[in-house]
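K.L.:
Here it is, the structure in full.
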Amino acid sequence: MARGRGLPPPPPPPLLLLLLLGAALGYTAAQPNCTCATNRMAVCSPDGPGGLCQCRALGSGALLDCSTLTPKCLLLKARMVAPKSGRRLVQPSEHAIVDNDGLYDPECDHEGRFKARQCNQTSECWCVNSVGVRRTDKGDRSLRCDEVVRTHHILIDLLHRPAARAFNHSDLDAELRRLFRQRYGLRPGFVEAVHYEEPTIQIELRQNASQKAPGDVDIADAAYYFERDVKGESLFSSSLDLGVRGQPLQVERTLIYYLDEKPPQFSMKRLTAGLIAVIVVVTVAVVAGVVVLVISNRRKSGKYKKVEVKELGELRNEPSL
């Protein structure tokens, strides 16, 4: 029977409604075999509406969108749960900081981003930037962190293993830009420059708060995924095979500098125990040297006085002519 012209179209079938609902909630971002393509440290199961695959991050249970990178804060929490799991030539600015505190269990907000103050489930707290790196001295729970200071400039410093020949700079630049665009989903404009002076490679990422649009991958997440890739601890379902025009590019050292929109607030407490020990030793040596010099001068002065007294006495005992 033909449908009348004035009748409304039939409602969409239930399966279509479920698919639309799943897309809105991030369920269909998971692969058909119910795994998360962008986060191996996730637990996936067909628990979504209509049996759709749904993935949650280890440690936090946060629902994941497996079509994009997982925020670094959620990844660090997952590593605390399964730290040994297999799923797991520019001068840096004087204000650039590196992550010297190692792995910790962070507090994340509802979007999976770092909260401004981190206490690591202890009474010791500190302020972090948007990358989760400490930017202040540590204090007690009275410490105030008014805002999450954004890291807007990241310098990735790499040292590659000896190769048969030096890489062509233009080819290397193009390959790394392609990698950040295709594998990590970072917009091309956020890769500011690629520098190369064999065997050192430097990748500059820059992204101001005003430049980051909704849905854009954060440079902090892209840098962290890249770091895990080159260390052989890929978070993707597939490992990274990095090369330039058929020549393998093997990285043997990675160091990342983070530059915030506001300078870090460190005091002398930032010095490591080893450096403090060196300073103490040098100070003691200098003081000891000064003491020895003073004592030596006094002894010499005493000798001179004794000689002067002796000579004066001899002069007095000499017979007058």
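K.L.:
For residue 69, what accessible surface area do you get with a 1.4 Å probe? Give it in Å², rounded to 10.
P.N.:
Counting only protein heavy atoms, residue 69 exposes about 20 Å² to solvent.
K.L.:
From zero up to wherever the largest Cα-Cα distance of region 168-213 sits, split into 5 Å bins and tell me the percent of pairs in each.
P.N.:
Calculated P(r), rounded to whole percents: 5, 21, 30, 22, 14, 6, 3, 0.
K.L.:
At 0.36 nm per residue, and after removing the present C-alpha to C-alpha distance, how many nm does the segment from residue 192 to residue 163 gain when stretched out fully? Spell out each step's value before the answer.
P.N.:
On the way: separation 29, 0.36 × 29 = 10.44 nm, distance 2.57 nm.
Full extension from residue 192 to residue 163 adds 7.9 nm.
K.L.:
Within region 155-188, which residues have the backbone N less than 16 Å from the label spot 7 Å out from residue 250 along Cα→beta-carbon, could you tell me?
P.N.:
Counting only backbone N, you get 159-167.
K.L.:
Moving on. Each residue of region 103-115 in order: what ³J(HN,Hα) in whole Hz does its phi give by Karplus 6.51 cos²θ - 1.76 cosθ + 1.60, θ = phi - 60°, with x for Gly and Pro?
P.N.:
7, 9, 8, x, 9, 10, 7, 5, 9, x, 9, 5, 6
K.L.:
Just flag the trypsin sites (Lys or Arg not before Pro) in region 175-249 sitting in loop per DSSP whose Cβ has no more than 12 other Cβ atoms within 10 Å.
P.N.:
Working: sites: 177, 178, 181, 183, 206, 212, 228, 231, 245; in loops: 183, 212, 231, 245.
Those satisfying the criteria are 231, 245.
K.L.:
For residue 60, tell me the accessible area in Å² from a 1.4 Å probe, rounded to the nearest 10.
P.N.:
Using a 1.4 Å probe on the heavy atoms, I get roughly 50 Å².
K.L.:
Using only the alpha-carbon atoms of region 217-258, report the extent along each of the three principal axes, biggest first, to the nearest angstrom.
P.N.:
Sorted largest first, the three principal extents are 30, 24, 17 Å.
K.L.:
Could you go through region 241-258 in sequence order and give the Karplus-derived ³J(HN,Hα) for each residue, using 6.51 cos²θ - 1.76 cosθ + 1.60 with θ = phi - 60°, rounded to whole Hz, and x for Gly and Pro?
P.N.:
Karplus values, whole Hz, x for Gly and Pro: 10, 8, x, 10, 6, x, 9, x, 10, 10, 9, 10, 8, 10, 9, 10, 10, 10.
K.L.:
Taking amide H atoms as placed 1.01 Å from N in the peptide plane, list the residues 5 or more away in sequence, or in a different chain, whose amide H sits under 5 Å from that of residue 131.
P.N.:
Here the answer is 151, since their amide H atoms fall under 5 Å of that of residue 131.
K.L.:
Put one equal scatterer on each alpha carbon of region 149-273, apply the Debye formula with no solvent term, and list log10 I(q)/I(0) at q = 0.11, 0.13 1/Å to two decimals.
P.N.:
Each listed q maps to, in turn, -0.41, -0.57.
The values are calculated or read from the model by the stated rules, or taken from the named source; none is laboratory data. This one's a predicted model, so the numbers in the text were calculated from it and none came from an experiment. Note that we place each Cβ from the backbone using ideal geometry, even for glycine, and neighbour counts take in every protein chain shown. With ligands, DNA and RNA removed, areas are computed over all heavy atoms of the protein, side chains included. Shrake-Rupley method; radii C 1.70, N 1.55, O 1.52, S 1.80 Å.
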